[in-house]
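Quick notes on the structure that follows.
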Amino acid sequence: MGEIWTIIDHTRGEPSKVSLQMLAAGRALAGGMGHELAAVFVGTGFDSAKEALAAHGAPKAYVAEHEDFEAYHVQPTVDAIAALAKERSPEILLFASVPSGKDLASAVAAKVEAGVLADVVDIEPDGDRLACTMSVFGGALTTRCQVQGSPQIVCVKPNAFVAEEAPTELSEERIEPEISDDARAVRIAERVEEEAGGRPAVEEAGIIVSGGRGLAEPENFRLVEELADVLGAAVGASRAAVDAGWYPHQNQVGQTGKTVSPQLYMAVGISGAIQHRAGMQTSKTIVAINKDPEAPIFGLCDFGVVGDLFTVVPALTEELKKRRGA
Ligand SMILES: Cc1cc2nc3c(=O)[nH]c(=O)nc-3n(C[C@H](O)[C@H](O)[C@H](O)COP(=O)(O)OP(=O)(O)OC[C@H]3O[C@@H](n4cnc5c(N)ncnc54)[C@H](O)[C@@H]3O)c2cc1C
């Protein structure tokens with residue numbers, strides 16, 4: 001019996017949504033493969049993380065706390081995880097497939113001489129290997145890959161799995177990190193927190209409602225925002241809408257924007273060009289509203305409405321409001 005580690009992505013002890021989703025994935029894999037699950041927490045603020053990790057089924061946590069993990073770029077964190085992995089030989093390491101998580105995973109993989117897969121949207125056990133599903137080459141291909149050798153390092157995309165409450169007793173093992181001078185080469189001079197606004201971020205949201213050129217004018221994004229707010233969703237945008245200056249680039253979905261895998265993706269007035277699909281086609285359920293029955297998005301969606309968005313979207317928002325008693 002080996003261990004499966006979920007490397008907790010967090011902001012000063014506040015685990016991100018994908019970390020809790022990875023715990024659900026880790027628990028399922030551990031059960032199916034006869035392994036044990038452990039969370040690995042590197043940074044500061046473990047006291048704030050503890051409750052959420054226990055509530056989401058982490059029976060054990062390796063904890064390395066030190067101010068230098070926050071003060072310097074990834075190297076001290078890489079060294080701490082790699083040293084622990086060399087000592088304990090876990091079978092599998094799960095990282096968050098977000099920019100910082102992928103940065104970390106690739107550097108740890110190089111140090112422990114292991115293979116790494118990024119942007120994974122599904123994982124199934126296959127004997128003692130993981131069969132991982134990924135969308136590659138700008139969404140042109142979906143592949144199933146396995147990491148050879150040990151440990152297997154996999155970066156899990158946000159929303160690929162659903163976080164589940166599974167309360168348990170959490171035991172904690174403290175690790176004393178050794179932070180070398182070399183690892184302190186790059187100090188972080190300043191951190192500027194992006195204004196979150198009232199809606200979830202596109203890359204973390206379980207539901208996304210995206211608008212495209214079909215909205216005709218920037219003011220009409222209001223229709224998309226109203227629908228998103230009833231659903232508690234993030235607002236996304238096609239590049240055509242972003243290039244026209246209708247919505248910020250940070251909300252763009254696609255090859256040159258964010259790659260997302262929410263449970264529900266709604267495309268409003270978006271044609272479904274290959275570069276847009278590259279960013280959203282691994283979404284679990286895709287709904288399209290478009291007045292052109294020949295629009296490529298209809299070849300991809302699970303549920304399509306051929307109609308004028310200016311009629312369909314307000315009607316849908318009203319109906320959802322009624323059902324939710326708003
Ligand atoms: C290198 C490169 C990278 C790119 N990266 C991206 C990227 O990251 N993301 C991205 O999105 N695109 C990207 N693109 C651009 C992409 O090729 C498309 O041009 C873009 O996605 C089109 O956006 P759209 O669907 O909003 O607009 P359009 O293609 O113009 O589609 C608008 C749709 O709205 C429908 N419509 C119009 N009026 C209504 C109405 N009243 N009711 C209902 N439906 C209506 C139309 O039928 C049409 O299907 C990239 C292109 C290149 C070359």
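Each value in this text was obtained by applying a stated rule to the coordinates, not by laboratory testing. Here the structure is a predicted model, which means the values were calculated and not measured. Every residue, glycine among them, receives a Cβ derived from its backbone with ideal geometry; neighbour counts consider all protein chains shown.
Structural remarks
- Available extension along the chain between Thr256 and Val192 is 20.7 nm, counting 0.36 nm per residue and deducting the alpha carbon span.
- Within the stretch 15-59: backbone nitrogen closer than 16 Å to the Met1 label point (7 Å, Cα to C-beta): 27-39, 58-59
- You can think of it this way: the chain between Arg88 and Asp308 has 73.3 nm of extra reach, that is 0.36 nm per residue less the Cα-Cα gap.
- Amide proton proximity set for Ile153, modelled H, under 5 Å, gap of 5+: Leu93, Gly115, Leu117
- Cross-link reach list, lysines versus Lys102, counting only Cα pairs under 28 Å and skipping chain neighbours closer than eight places: Lys17, Lys50, Lys60, Lys86, Lys111, Lys157, Lys258, Lys284
- Rounded to the nearest 10 degrees, the inclination of helix 99-112 to the longest alpha-carbon principal axis of the chain is 30 degrees.
- Taking trypsin sites (Lys or Arg not before Pro) as exposed when their DSSP state is a loop state and no more than 16 other Cβ atoms lie within 10 Å, the longest site-free interval of the chain runs over 13-190.
- Over the chain: helical MRE at 222 nm, DSSP H runs n ≥ 4 each giving -39500 (n - 2.57), nearest 500: -9000 deg cm²/dmol
- Among Met1, Met266, Met33, the order by Cβ neighbours within 10 angstrom, fewest to most, reads Met1, Met33, Met266.
- Sites Glu51 and Glu173 - FRET efficiency at Förster radius 25 Å, r taken between beta-carbons, to 0.05: 0.90
- When only Cα pairs below 8 angstrom with a gap of at least 6 residues are kept, the stretch 1-125 shows a relative contact order of 29 percent.
- Of the residues Val136, Val40, Val186, the one with the fewest other Cβ atoms within 10 Å heads the list, and the complete ranking is Val186, Val136, Val40.
- Shape call, the stretch 90-209: gyration tensor on alpha carbons, a/c limit 1.5: rounded
- Normalised contact order of the chain, rounded percent, pairs of Cα under 8 Å and 6 or more residues apart: 15
- With a cut-off of 11 Å between beta carbons, the residues surrounding Ile175 carry a summed charge of -4, where Lys and Arg count +1 and Asp and Glu -1.
- Cα Rg over Rh - the stretch 175-281, Kirkwood: 1.16
- In the chain, the longest principal axis of the Cα atoms and the axis of helix 221-231 are about 60 degrees apart.
- Considering only Cα atoms, the convex hull volume of the stretch 4-53 works out to 57 Å³ per residue.
- Segment Leu141-Ala71, extension gain: residue separation times 0.36 nm, minus the distance between their alpha carbons: 21.3 nm
- Rounded to the nearest Hz, the phi-derived 3J(HN,Hα) couplings of the stretch 160-176 under the Karplus curve 6.51 cos²θ - 1.76 cosθ + 1.60 (θ = phi - 60°) are 5, 10, 9, 5, 10, 6, 8, x, 8, 7, 9, 9, 10, 10, 7, 10, 8, where x marks glycine and proline.
- The alpha carbons of the chain occupy a box of 61, 45, 39 Å along the principal axes, longest dimension given first.
- Förster-model FRET efficiency, 30 Å R0, Gln275 and Glu318, C-beta, rounded to 0.05: 0.35
- Here the stretch 73-114 and the stretch 1-28 have alpha carbon centers that stand 14 Å from each other.
- By the count of neighbouring beta-carbon atoms within 10 Å, fewest first, Met280, Met22 end up ordered Met280, Met22.
- For the stretch 305-314, Karplus couplings with θ = phi - 60° (6.51, -1.76, 1.60), whole Hz, Gly/Pro x: 10, 8, x, 7, 4, 6, 9, 5, 5, x
- For the stretch 249-287 versus the stretch 50-69, the gap between their alpha-carbon centres in whole angstrom: 33
- Crossing angle, helix 17-33 versus the chain [Cα axis fit, 0-90 degrees, rounded to tens]: 60
- Residues with amide H under 5 Å from that of Met266, placed H, sequence gap 5 or more: Ile208, Val209, Ser210, Val287
- For Lys60, nonlocal amide neighbours, meaning residues 5 or more places apart or on other chains whose placed amide H falls under 5 Å from its own, are Ala39, Ser171.
- Mean separation of Cα contacts under 8 Å, 6 or more apart, over the residue count of the stretch 104-155: relative contact order %: 40
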